[in-house]
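Here the structure comes first, spelled out in structure tokens, and everything after it is commentary.
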Amino acid sequence: MAWWPIGASLFASSEGSGLFIGLAGTGAAGGIAVTGFEWNATYVLLALAWVFVPVYISSGIVTMPEYLGRRFGGERIRTYLAVLSLMLSVFTKISTDLYSGALFVQVCLGWNLYLSTVLMLVVTALYTIAAFNKIGGYGNLERVYSMATPSKIIPNSTCHLPRQDAMHLFRNAVSGDLPWPGMTLGLTILATWYWCTDQVIVQRSLSAKNMSHVKGASILAAYLKMLPFIFIVLPGMISRALYPDSVGCVDPEECVRVCGAEVGCSNIAFPKLVIELMPSGLRGLMIAVMMAALMSSLTSIFNSSSTLFTMDIWKKYRPRASEKELLLVGRIVTVILIVVSVVWIPILQSANSGQLYVYIQSVTSYLAPPVTAVFTLAIFWKRTNEQGAFWGLMVGLVVGTCRMVLEFAFPPLRCGVVDTAPAVLRSVHYLHFAILLCGLTAIVVTIVSLLTPPPSHEQVCNLTWWTITEEPQREIPLQKVSSVSHRSPQESVFWSRFCCFNALLLISINVFLYAYFA
């Protein structure tokens, strides 16, 4: 089936080196709760295929900013979303891929961090069997992990101790490092932005041959999202258990010696396992595989980012730009994004106690929830208009940026140092903040929309869930996305039922896993 490469690419696009090493590092630091970030994708991927993509196909769009531009009219929302998408690409995708890839090379080869940045690496799980053999199997992991304390600790502190709830998916709603309300509702808000409205992801679904391929690809990607628990999170915990003095270090001097960062070295959990457990020949193979995978991941990000800039920003001011000019502009934008991402690496390195994956999710929590709220209301509430959407996005941007600025102004301190950050920063978890920010944006959008004229018929027809048609509203030029204009809206009875059965099976498996590890 043609949806195999699409489903695999949906999965691979979220499994870049940033996510891979970040998951391993967070697993090393906090246990299996981070698996919820992966398993939560099941429901949102199904929503992408059954809810969002039909609307996008009906509207005949190519980019996500283009959808909001057609849904609400005008250019300011479309331009804002394009700029925001480029910012998120720099802060949460390109820079983390570059940094984590460099970490892998640095640990494996001992090279300088910035020299290592040119060698991009990403994920594979060939070391998993060796790791489990080393630890004595899954049954022994919990016992060994609970005793994995570094030899050099900070007196009168407990930050060197592994979490007692490391093997639990749902944690205390107030004191937990990943509180269960945030891991359910808050995480769903972030996942909806990523899987259903982000250009890097949605562009793959828009290239599918028909809706059966869209659904099949999402189902395949959701099945694959079950795997990081085995191949990423558990090996991360094993790494902490095997190497507590390096992966689990808490003393600033020791951490600087190990990985060059004072706040912790959990991010090296994955490369540490590779360098310690795999023979020399397999290390080289691992590096080659990871470089190829990371280059593929970065290529997707660069392609979608350059498309966003050229189609949603540049063409607005240069509507008669030639194909050659657009190609040149896209290449220049790609170079600029790389330079800015490299400059951002030092900030990323010390953020969020050195846990890369937590950094990605926290930054997303400050910027993405307003986008989720606006897209959801645009699709499901026909009364949503341009004024409401714009001011909702602006209020959300201001509030989210304020929180993000506070986060960087008062970063989590190293072990044993008194935290002087404002109470609102430490008492409201970033996933809880995502819930509040999304709710605030929805309220603003609703109030302003009701106080201003309703959208026109052209801004609703074929552009909401209640007004979609089987055929795209307009033909898309071949040079933009050739497969979109030739997509067949029909589904065979067999493949339709096959996809529905697998969707129900996925949900059943997901519910079981949540219940078992709760």
Fill in the blank from the handout: By the mean-Cβ-within-10 Å protection proxy, highest first, 70-79, 367-376, 135-144 rank as 367-376, 70-79, 135-144
Exercise for the section: Could you go through region 431-443 in sequence order and give the Karplus-derived ³J(HN,Hα) for each residue, using 6.51 cos²θ - 1.76 cosθ + 1.60 with θ = phi - 60°, rounded to whole Hz, and x for Gly and Pro? Expected result: 6, 5, 4, 4, 5, 5, 5, 5, x, 4, 4, 4, 5
Problem - Backbone N under 19 Å from the Val428 label point (7 Å along Cα→Cβ), restricted to region 361-378 - result: 361-374
Fill in the blank from the handout: Cβ-Cβ cut-off under 12 Å around Ala217, Lys and Arg +1, Asp and Glu -1: the net charge is +3
Practice task
Sticking with the crude label model, points 7 Å out along Cα→Cβ, report the distance from Cys159 to Ile509 in nm, one decimal please.
Solution key: 3.9 nm
Practice task
Using θ = phi - 60° and the Karplus relation 6.51 cos²θ - 1.76 cosθ + 1.60, list the HN-Hα couplings for region 400-408 in order, rounded to whole Hz, with x at every Gly or Pro.
Solution key: x, 5, 4, 5, 5, 4, 4, 4, 7
Exercise for the section: Would you grab the residues whose amide H sits under 5 Å from the one on Arg171? Only those 5+ places off in sequence or on another chain, please, with H modelled 1.01 Å from N. Expected result: Trp180
Handout entry: Pairwise centroid distance, computed over Cα atoms, of region 200-219 with region 22-57, Å
Key = 16 Å
Fill in the blank from the handout: Here the residues of region 214-255 lying in the modelled label zone of Ser496, meaning backbone nitrogen under 15 Å from a point 7 Å along Cα-to-Cβ, are 214-216
Fill in the blank from the handout: Residue by residue through region 261-268, the couplings from Karplus 6.51 cos²θ - 1.76 cosθ + 1.60 with θ = phi - 60°, in Hz, x for Gly and Pro, are 10, 6, 7, x, 10, 5, 5, 8
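Read-outs: derived from the displayed coordinates by stated rules, not from any lab. These numbers come from a predicted model, not from an experiment. Positions of Cβ are generated from backbone atoms using ideal geometry, with glycine treated the same way; all protein chains shown enter the neighbour counts.
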